[in-house]
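Have a look at the structure below, then the notes.
The values are calculated or read from the model by the stated rules, or taken from the named source; none is laboratory data. Note that the structure is a prediction, hence the values are computed from the model and not measured. Here Cβ is always computed from backbone atoms with ideal geometry, including for glycine, and neighbour counts include all displayed protein chains.
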Amino acid sequence: MIHALGDLTLNPEWSQDQDNGVAHGTDDSELRAQIDALDHLTCVWASPYGGSDTGIITNVVWVTPEQSAAVEARLVAKGLECFNQSEGRRCVIQTNTVDGAFGESHFLRNGIWLATKYTNAGPLGYTQNIIDNLWMGV
């Protein structure tokens, strides 16, 4: 999977600045507030040299069943397509423009919410690879 990310670097130094704008796997302000309020990890795949038009941001967020249901309800309300996948719920949206592709992918299962936002990146199987690693042997 790492090879498929090309020149992107995991958590480049510049991405650690709180004001860099790359802290959330969603553009939705309500979901961002939930991510900030809950225990989470953030992974940023981006240029090592600073912001660009290519990258992936993923939050691994610990949620209660009630929080998970609220997240899914918000995703549905925002127009994401949700479906069953890998014993969880996956919600996705993508927009293609002349400037490229951007979108979000969310996955909810057993108290974990994966929130991913991508711009001109997102190798095939990215979310599934995370799912396979988090729930390996379960």
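Under the condition of being surrounded by 12 or more Cβ atoms within 10 Å (Cβ to Cβ) and not in a loop (DSSP other than H, G, I, E, B), which residue from segment 39-53 is farthest from the chain's Cα centre (by Cα)?
It comes out as ALA46.
Which of the numbered conditions does ASN129 fail, given that it passes all the others? Conditions: (1) surrounded by fewer than 17 Cβ atoms within 10 Å (Cβ to Cβ); (2) in a strand (DSSP E or B); (3) touching a residue at least 60 places away in the same chain (Cβ under 8 Å); (4) not small (Gly, Ala, Ser).
Of (1) surrounded by fewer than 17 Cβ atoms within 10 Å (Cβ to Cβ); (2) in a strand (DSSP E or B); (3) touching a residue at least 60 places away in the same chain (Cβ under 8 Å); (4) not small (Gly, Ala, Ser), only one is false for ASN129: (2).
What are the residue pairs meeting all of these: first residue in segment 22-38, first residue farther than 15 Å from ALA70 by Cβ and in contact (Cβ under 8 Å) with a residue 12 or more places away in the chain, second residue in a helix (DSSP H, G or I) and β-branched (Val, Ile, Thr), Cβ atoms under 6 Å, and 6 or more apart or on different chains?
Correct list of pairs: HIS24/ILE35.
Go through (1) under 13 Å from the mean Cα position of the chain (by Cα); (2) surrounded by fewer than 13 Cβ atoms within 10 Å (Cβ to Cβ); (3) under 22 Å from ASN120 (Cβ atoms) one by one and return the number of the condition THR58 breaks.
All conditions pass for THR58, except number (2).
Would you check if GLU72 is assigned to a helix (DSSP H, G or I) and without any contact (Cβ under 8 Å) to a residue 24 or more places away in the chain?
no
Of the residues GLY88, GLY25, which single one is more than 22 Å from PRO12 (Cα to Cα) and in contact with a Lys or Arg (Cβ under 6 Å, 6 or more places away or on another chain)?
Among GLY88, GLY25, only GLY88 is more than 22 Å from PRO12 (Cα to Cα) and in contact with a Lys or Arg (Cβ under 6 Å, 6 or more places away or on another chain).
Take the residues of segment 73-112 that are exposed (fewer than 13 other Cβ atoms within 10 Å of the Cβ) and among the hydroxyl-bearing types (Ser, Thr, Tyr): which is farthest from the chain's Cα centre (by Cα)?
Looking at residues that are exposed (fewer than 13 other Cβ atoms within 10 Å of the Cβ) and among the hydroxyl-bearing types (Ser, Thr, Tyr), I get THR97.
Scan HIS106, HIS24 and give me the residue that is assigned to a loop (DSSP other than H, G, I, E, B), under 17 Å from THR127 (Cα atoms) and not aromatic (Phe, Trp, Tyr).
HIS24
Just for segment 63-100: of the residues that are basic (Lys, Arg) and touching a Leu at 6+ places or on another chain (Cβ under 7 Å), which one is farthest from LEU38 (Cα to Cα)?
ARG89
If you take the residues of segment 9-38 that are surrounded by 15 or more Cβ atoms within 10 Å (Cβ to Cβ) and at pLDDT below 80, which of them is farthest from TRP113 (Cα to Cα)?
Here the answer is TRP14.
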